[in-house]
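K.L.:
Encoded as structure tokens, here's the structure I'll be asking about.
Just so it is clear, none of the values below were taken in a lab; they were calculated from the coordinates. These figures come from a predicted structure and were not determined experimentally. Quick reminder, even Gly has a Cβ in these numbers, built from the backbone with ideal geometry, and neighbours come from all protein chains shown.
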């Protein structure tokens, strides 16, 4: 049988294997994230990942016990990024309710804060796994609770705060789930109207200026 060209003696890929380079946990995890986002959880398999990285399959086991261990690491990454960043945005300092809501909207828009592609992939995975669905529901509840608390800090009654922030959250998740595609310019133009919907108060020019300043470099 013909040898795979990636393993042909003398090629850079073969030399890397011969010298014992196994990559790193971060490298394998990044490859798995790409596979999850591009092809769903069924695409996260050890041999294809090894092939994509030009590494041996056995290298994987230096960093993960098995595929389930890798899948757990993917969920932990999602919780440590999307969930943690959103919770941080909800708890960030804000002088007004609109500033608080704008902090959260900014997180949803900024892909370095909240990765919509990863969120979509996790939600697709949850449809195939009761375990993942349970973690997703727990994350949803925690996120909404943090958002509700955020508005309560600005004087909203609990029920009022819940309805407003669950509308914010469900709207953003629906935006992701429906794969809505808008330019950054369009999203930013609509922010004042969203903010007023979520708080009942139109944001001031100063509040909007501070919000938009976060995206000046992307304009």
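K.L.:
Which residue, 152, 207, 185, has the most motion in a Gaussian network model of the chain that connects Cα atoms within less than 10 Å?
P.N.:
Fluctuation is largest for 185.
K.L.:
Moving on. Using the count of nearby Cβ atoms within 10 Å as a rough guide to exposure, how do 150, 178 rank from fewest to most? Working shown, then result.
P.N.:
Working: 150 25, 178 9.
Sorted ascending by nearby Cβ count, the order is 178, 150.
K.L.:
Note down the relative contact order for the chain as a percent, whole number, built from C-alpha pairs under 8 angstrom at least six residues apart. Before the final figure, lay out the partial values.
P.N.:
Working: 185 pairs, mean separation 37.3, N = 219.
Answer for the chain is 17 percent.
K.L.:
Moving to a separate point now. Using a 10 Å cut-off around each Cβ, can you sort 198, 175, 156 from fewest to most neighbouring Cβ atoms?
P.N.:
On the way: 198 24, 175 15, 156 19.
Sorted ascending by nearby Cβ count, the order is 175, 156, 198.
K.L.:
Take the Cα radius of gyration of the stretch 128-201 and divide it by 2.2 N^0.38 Å, with N its residue count; two decimals is plenty.
P.N.:
Values: Rg = 14.3 Å, N = 74, 2.2 N^0.38 = 11.3 Å.
The value comes to 1.27.
K.L.:
Mind checking the full-extension length gain between residue 185 and residue 72? Use 0.36 nm per residue of separation minus the Cα-Cα distance, one decimal, nm. Let's see the in-between values first.
P.N.:
Details: separation 113, 0.36 × 113 = 40.68 nm, distance 3.65 nm.
Length difference between fully extended and current span is 37.0 nm.
K.L.:
Further question on the same structure: Mind sorting 149, 199, 65 by how few other Cβ atoms lie within 10 Å of their own Cβ, fewest first? Please report the intermediate quantities before stating the final value.
P.N.:
Numbers: 149 15, 199 22, 65 10.
Taking fewest neighbouring Cβ atoms as first place, the list is 65, 149, 199.
K.L.:
Please compute the volume of the convex hull spanned by the alpha-carbon atoms of the stretch 67-148 and report it per residue in Å³.
P.N.:
Working: hull volume 6.8 nm³, N = 82.
Given the Cα convex hull of the stretch 67-148, per-residue volume reads 83 Å³.
K.L.:
Below 8 Å, C-alpha to C-alpha, sequence gap of six or more: please give me the relative contact order for the stretch 141-219 in percent.
P.N.:
22
K.L.:
List the pair-distance distribution P(r) of the chain, using every Cα-Cα distance, as the percent of pairs falling in each 10 Å bin from 0 up to the bin containing the longest distance, rounded to whole percents.
P.N.:
In whole percents, the pair-distance histogram is 7, 28, 27, 18, 12, 6, 2, 0.
K.L.:
Shifting gears a bit: Label-point separation (nm) for residue 177 and residue 117, each offset 7 Å from Cα along Cα-to-Cβ?
P.N.:
2.2
K.L.:
Could you work out the helix-only [θ] at 222 nm for the chain, with each DSSP H run of four or more residues adding -39,500 (n - 2.57) and the total divided by the number of residues, to the nearest 500 deg cm²/dmol?
P.N.:
On the way: 12 runs with 146 residues, N = 219.
Calculated from helices alone, the mean residue ellipticity at 222 nm is -21000 deg cm²/dmol.
K.L.:
May I pose another question? Assuming 0.36 nm per residue, please report the length gained on full extension of the stretch residue 79 to residue 152 beyond their Cα-Cα distance.
P.N.:
Details: separation 73, 0.36 × 73 = 26.28 nm, distance 2.44 nm.
This chain segment gains 23.8 nm when fully extended.
K.L.:
What FRET efficiency do you get for residue 62 and residue 167 if R0 is 41 Å and r is their Cβ-Cβ distance, rounded to the nearest 0.05? Don't skip to the end; give the middle numbers.
P.N.:
Working: r = 47 Å, r/R0 = 1.14.
Efficiency at R0 = 41 Å is approximately 0.30.
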